[in-house]
1. Any idea which residue in region B:1-23 is nearest to B:V77 (Cα to Cα), counting only those that are in a strand (DSSP E or B) and among the charged types (D, E, K, R)?
2. How many of the residues in region B:54-82 are at the interface with another protein chain (Cβ under 9 Å from one of its Cβ atoms), in contact with a strand residue (DSSP E or B) (Cβ under 8 Å, 6 or more places away or on another chain), touching a residue at least 24 places away in the same chain (Cβ under 8 Å) and assigned to a helix (DSSP H, G or I)?
3. Has region A:78-100 got at least one residue that is of a type in the set (K, R), surrounded by fewer than 18 Cβ atoms within 10 Å (Cβ to Cβ) and in contact with a Gly (Cβ under 9 Å, 6 or more places away or on another chain)?
4. From the list B:E105, B:E48, B:E82, pick out the single residue that is in contact with a Ser or Thr (Cβ under 6 Å, 6 or more places away or on another chain) and surrounded by fewer than 18 Cβ atoms within 10 Å (Cβ to Cβ).
5. What's the total number of residues in region A:99-109 that are at pLDDT below 90 and either within 9 Å of chain B (Cβ to nearest Cβ) or closer than 14 Å to B:I90 by Cβ (or both)?
6. Which is under 20 Å from A:M52 (Cα atoms), among the β-branched types (V, I, T) and either more than 7 Å from chain B (Cβ to nearest Cβ) or out of contact with any Cys (no Cβ under 7 Å at 6 or more places or on another chain) (or both), of A:V113, A:V96?
7. Considering only region B:34-45, I want to know if a residue exists there that is more than 14 Å from chain A (Cβ to nearest Cβ), among the small types (G, A, S) and within 30 Å of A:V48 (Cβ to Cβ).
8. Of the conditions (1) farther than 25 Å from A:A30 by Cβ; (2) in contact (Cβ under 8 Å) with a residue 24 or more places away in the chain; (3) of a type in the set (D, E, K, R), A:E99 satisfies every one except a single condition; which number is it?
Amino acid sequence: MSTELRLKVETRHDELDRVSAAIEDFALEADWPLDLAFKVNLALEEVVINVMNYGHDDGLHEIDIILTTEEDSLTIEIVDDGRPFDPLHDAPIPDVNAELEERNIGGLGIHLVRKMMDDVQYRREEGKNRLTLVTSLAK
Amino acid sequence: MGVSTERQDNTLIAKTEGRIDGANAREFQDALDAAIDSSERAVVLDLEEVSYISSAGLRVILLTAKSLQKQDAKFAVCSLSESIREIFEISGFDQIIAVHDSRNEAVDALKN
């Protein structure tokens, strides 16, 4: 049996609260382990905030978020009409081994997404970025 | 997003709670900056009541660590949840910031 959650958020930071609340509810309903809700929240926030911060030059835009759970996996699709951005190739790669003085935060969000999700796929289609994240639901 | 402070053996303990995310990281940064005086020599950030942190929150912790290093002060974080500890490890933050299981352990470590 598959279940689905669809969210539409505007590109402003205070929408993050609504996203996290919806994920918490969904997680509770589906009886997810705590660390899974954390992981999903984190991956979503990092992707969505990138779009909010860098996706557009002006105005409010919408981001579509679709979560689909199958028996043993969760797929998260994030769709935005911002400038083309492929996090797999366009994000800076952070040096997670640098000393404190040289440490930079750039690219860390996307690094976390790639490490926490089992699969990340990017497509540019019909003028939109479509990012698909997959993680296992195995407990 | 507030930061409360107390003092233990000349170490400043800064504590916050809830979520540290992209929506409130700036507020967290301002509160933390206001709580830490430039004369501090040892600071522990207690994350026991923090349930969630994203890269926006990690950025604030990194900036704090850097600024404390500049003022020649010691810095540690303590009482991380399992998920937050994992984020620290994936980010390599555990290599540049001292992480302790408890507040007392952190305070003891900074004494030396």
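1. B:K15
2. Here the count works out to 2.
3. There is at least one residue in region A:78-100 that is of a type in the set (K, R), surrounded by fewer than 18 Cβ atoms within 10 Å (Cβ to Cβ) and in contact with a Gly (Cβ under 9 Å, 6 or more places away or on another chain).
4. Residue meeting the stated conditions: B:E48.
5. Matching residues across region A:99-109 total 3.
6. A:V113
7. yes
8. Only one criterion is unmet by A:E99, namely (2).
The values are calculated or read from the model by the stated rules, or taken from the named source; none is laboratory data. Here the structure is a predicted model, which is why all the values come from computation and not from measurement. In this analysis, Cβ positions are derived from the backbone assuming ideal geometry, glycine residues included, and neighbour counts consider all displayed protein chains.
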